[in-house]
1. Kindly establish whether E166 is more than 24 Å from K3 (Cα to Cα), surrounded by fewer than 14 Cβ atoms within 10 Å (Cβ to Cβ) and in contact (Cβ under 8 Å) with a residue 12 or more places away in the chain.
2. Quick check, is L130 open to solvent by less than 70 Å² (accessible area, probe 1.4 Å), of a type outside the set (V, I, T), part of a helix (DSSP H, G or I) and in contact (Cβ under 8 Å) with a residue 24 or more places away in the chain?
3. So, in the stretch 1-31, of the ones that are farther than 23 Å from L130 by Cβ and assigned to a loop (DSSP other than H, G, I, E, B), which residue ends up most open to solvent (accessible area, probe 1.4 Å)?
4. Please work out which residue is nearest to K137 (Cα to Cα), limiting yourself to the stretch 183-203 and to residues that are open to solvent by 40 Å² or more (accessible area, probe 1.4 Å) and in contact with a helix residue (DSSP H, G or I) (Cβ under 8 Å, 6 or more places away or on another chain).
5. For S119, only one of the following conditions fails: (1) modelled with pLDDT of 95 or more; (2) outside any loop (DSSP other than H, G, I, E, B); (3) open to solvent by less than 40 Å² (accessible area, probe 1.4 Å); (4) not aliphatic (A, V, I, L, M). What is its number?
6. Any residue in the stretch 194-208 that's closer than 21 Å to R171 by Cα: show its pairings with residues that are aromatic (F, W, Y) at Cβ separation under 7 Å, as long as the two are six or more apart or on different chains.
7. Can you confirm whether the stretch 93-108 contains a residue that is in contact with an Asp or Glu (Cβ under 7 Å, 6 or more places away or on another chain), in contact (Cβ under 8 Å) with a residue 12 or more places away in the chain and not polar (S, T, N, Q)?
Amino acid sequence: MKKITFITAHSWDSNRQGGFHKFAQAACNAGIETVFFSFVRPYYSYFQHSEIYNAKAIRQLKKGLTYQVGPSLLHNVAFPTLKLPNKFSKIFSDRILNFFAGFSFGSFKKFCAKWLDGSEAFVFESSDALVLFDRLKKRYPDARFIYRPSDPLMYEGNDSRYRLLEENALRRSDLTLIVNQEGLDLYKKCLPDFDSAVKYQLLSNGVDIESYQKSYPKPQELQKPNTVLYVGAWDVDWPLMFYAAQKSPAANFVVVCPNYPAADVLQKVEAVANLTYIPGIKPAQVPAWITNCDVVMVPYVIGFYKNRPLGITAKYYQAMAAQKPIVAYCDTPKLKDAGVAVTYNYDDFVSAVDKALLQKSASYKFDLSDRSWDRICERFLEAVGAE
């Protein structure tokens, strides 16, 4: 394979420690020219000020950024569209929303000719990128189309248009790479003919095991006794955090998450001495934080795991590799089989945290050797026919 295109919500400079970044890097290291197509980038994001959505980033990606990654070139590009915020799903039909999500004032034909022509495989993430699936499949009929749904879109409560876009991708892809059994079970529940209609393999997310077994300087925010840390992109149960901070005053709870809580929550956090909120860190810094805390917590909101079949996620792999005690709240009961403390009410969470703080380290009944990113990426390249 000479050229491959990944279509993902992320930008290359975000340097995420997993997912499409790892796969794209592996493709480059294998000598394959790689396109990292960041989609969707709405026109309204020119007026935003986040790391991904801001005028400078959109202009740069529209022009195209090229990197030397290993022996190959990686092109990070974007194609801005009139995509509307998801709240408009209450006003417009799926068809209209999909139209705007894919409509641009620029020429898609010229964009494809410049950046995508020659691609022998297109790898789609479970995101708005799926609005381009049929369009690209028609333009590149001889390419392989791969669907990699890290977060399935068919979960209960999601917008109907995403569920329909995902069904189309599942049925029309040459191969779907499913992260875990929970995702597979969800698809089989939603699509009775799944086994006969969808070509798929199971391919887990991974972890850089060695990165979580090294020593790093301790971040300033963790230079306290009894630190209980959450690092992640999903929202936490803030009432639980306030309750735990009150009931366990000897613990120092630290929440690192790019999703800003409401203003009243932030104000309340500032008034709690043993609760700290940090609006995100760079992905490359995550190992230093995980390895320097005393306990890793995953305090999801109630019912989160029930409609999002995420299984045992990478954040657990990271803590396991670092041999840190873990306390989960409202997550899959399967974690118990791996030796993780999983709780479903506030008092049990606090008790589990207090118990975990007495531990120096922890070992788990979970084999991480087959979860190393090197092995996962090797299997990915084999699956997509890149080797």
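The values are calculated or read from the model by the stated rules, or taken from the named source; none is laboratory data. Quick caveat, the model's predicted, so the values are computed rather than measured. Counting neighbours? That spans all protein chains shown, and the Cβs are built from the backbone with ideal geometry, glycine included. For the accessible areas, the whole protein counts, side chains as well, though only heavy atoms, and no ligand, DNA or RNA atoms are used. Shrake-Rupley method; radii C 1.70, N 1.55, O 1.52, S 1.80 Å.
1. Values: more than 24 Å from K3 (Cα to Cα): yes; surrounded by fewer than 14 Cβ atoms within 10 Å (Cβ to Cβ): no; in contact (Cβ under 8 Å) with a residue 12 or more places away in the chain: yes.
No, not satisfied.
2. Values: open to solvent by less than 70 Å² (accessible area, probe 1.4 Å): yes; of a type outside the set (V, I, T): yes; part of a helix (DSSP H, G or I): yes; in contact (Cβ under 8 Å) with a residue 24 or more places away in the chain: yes.
Answer is yes for this residue.
3. Residue satisfying both the conditions and the ranking: K2.
4. Of the residues in the stretch 183-203, the ones open to solvent by 40 Å² or more (accessible area, probe 1.4 Å) are 185, 188-190, 192-193, 195-196, 199-202.
Applying the additional criterion that residues be in contact with a helix residue (DSSP H, G or I) (Cβ under 8 Å, 6 or more places away or on another chain) yields 188, 190, 195, 200-202.
Details: K188: 25, C190: 24, D195: 22, Y200: 18, Q201: 21, L202: 23 Å.
The qualifying residue nearest to K137 (Cα to Cα) is Y200.
5. (2)
6. From residues that are closer than 21 Å to R171 by Cα, the pairs are F194/Y187; L203/F380.
7. Here is the first cut: in the stretch 93-108, the residues in contact with an Asp or Glu (Cβ under 7 Å, 6 or more places away or on another chain) are 101.
If we keep only those that are in contact (Cβ under 8 Å) with a residue 12 or more places away in the chain too, we end up with 101.
Narrowing the set further to residues that are not polar (S, T, N, Q) leaves 101.
Within the stretch 93-108 (the criterion being in contact with an Asp or Glu (Cβ under 7 Å, 6 or more places away or on another chain), in contact (Cβ under 8 Å) with a residue 12 or more places away in the chain and not polar (S, T, N, Q)), the answer is yes, since at least one residue qualifies.
Rundown of residues vs (1) surrounded by 15 or more Cβ atoms within 10 Å (Cβ to Cβ); (2) of a type in the set (D, E); (3) not in a helix (DSSP H, G or I), yes/no style:
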{"residue": "L97", "(1), (2), (3)": "yes, no, no"}
{"residue": "A101", "(1), (2), (3)": "yes, no, no"}
{"residue": "K110", "(1), (2), (3)": "no, no, no"}
{"residue": "P141", "(1), (2), (3)": "no, no, yes"}
{"residue": "M154", "(1), (2), (3)": "yes, no, yes"}
{"residue": "N205", "(1), (2), (3)": "yes, no, yes"}
